[in-house]
Amino acid sequence: MGHLNKLHEEYASKGLVIMASSPEPESAIQQFVDEFEAVYPVMIEESDTYAEYGFGALPRAVLIGPAGRVLFKEHPNRLTVNDIDNHLESIKLLPEFPKSLSAVGKAISKGDYGKAHKKATTALKKDDLKETAQQAIDWIDWLGTTWMETAKGASEAGSVHAAYTCYECIEDAYKGLP
C-alpha cells in the first residue's frame, strides 16, 4: 500500500484525499496502518457503505467528486495517474484565507455557502482582499453548479429521491442566495 502514501504525497495539495476504509476490527486496522506506515486516514466501516456503493469484491479504489458523485469504482490496479489527473482538472480548490477573511472560511467549513458568499461579496470592496474574496465566490459558485449537475443527473437517471435530497441540501447550504 506504499503506492497510496505516494499518491497522498503527490496529490494532497491538488485536492485529492486518500482514505482507506475497512469493516475489520480496530486492532486489524491498526496493524495495517503500522505495517504499511499509512500517512492517510484509515477509518473503520460501521455501516453498509460498501453495499450502498455497489461494491462487490474488495479491494476497491473509489474516486468521489466534490458533490459526492462516484467518478471511479474499480480494483485499485485499474486506477491510473491519468484517471486521477483527468478528474482533478475539473476541481477547484479553496484559496488560503487571510485572518481578515476568516469568517468566510468558517462559514464554508460549516457548509453555510450563502453566508460565505455574502461575506466574500462584501470583502470585494477592499482592494487587499479582492482577489481572495473573488476566488472564494468562484469556488462557492462552482460547488453549487457541481451539486446542481449531480442532482440533475440523478433525476435523469430516475433517482428522484436522490435528486430531491441533493436539491434540498443545495437549498439549505445556499440559503439567502438567489
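The values are calculated or read from the model by the stated rules, or taken from the named source; none is laboratory data. Every value quoted in this text rests on a predicted model; they were computed, and no experiment measured them. Quick reminder, even Gly has a Cβ in these numbers, built from the backbone with ideal geometry, and neighbours come from all protein chains shown. For accessibility, only protein heavy atoms count, side chains too; no ligands or nucleic acids. Shrake-Rupley method; radii C 1.70, N 1.55, O 1.52, S 1.80 Å.
Lys152: farther than 18 Å from Ile91 by Cα, assigned to a helix (DSSP H, G or I) and open to solvent by 90 Å² or more (accessible area, probe 1.4 Å), yes or no?
So Lys152 passes the test.
Right, Leu177: open to solvent by less than 60 Å² (accessible area, probe 1.4 Å), farther than 25 Å from Leu88 by Cβ and at pLDDT below 95 or not?
Judged against the criteria, Leu177 is a match.
Is it the case that Thr122 is over 22 Å from Arg69 (Cβ atoms), at pLDDT 90 or above and surrounded by fewer than 16 Cβ atoms within 10 Å (Cβ to Cβ)?
Yes; evaluated as a whole, the condition is true for this residue.
Give me a count of the residues in region 92-119 that are open to solvent by less than 90 Å² (accessible area, probe 1.4 Å), of a type in the set (Ser, Thr, Tyr) and closer than 21 Å to Thr145 by Cα.
Within region 92-119, residues that are open to solvent by less than 90 Å² (accessible area, probe 1.4 Å), of a type in the set (Ser, Thr, Tyr) and closer than 21 Å to Thr145 by Cα number 1.
What is the number of the single condition among (1) at pLDDT 80 or above; (2) among the small types (Gly, Ala, Ser); (3) closer than 18 Å to His75 by Cα that Ala38 does not meet?
(3)
Which residue, of Thr132, Thr122, Thr165, Thr145, is in contact (Cβ under 8 Å) with a residue 12 or more places away in the chain and in a helix (DSSP H, G or I)?
Thr132
Out of all the residues in region 50-74, which are surrounded by 13 or more Cβ atoms within 10 Å (Cβ to Cβ), at pLDDT below 75 and closer than 28 Å to Ala173 by Cα?
Tyr50, Gly65, Pro66, Ala67, Arg69
For Gly176, work out the one condition from (1) in contact (Cβ under 8 Å) with a residue 40 or more places away in the chain; (2) part of a helix (DSSP H, G or I) it doesn't fulfil.
Among (1) in contact (Cβ under 8 Å) with a residue 40 or more places away in the chain; (2) part of a helix (DSSP H, G or I), the lone unmet condition for Gly176 is (2).
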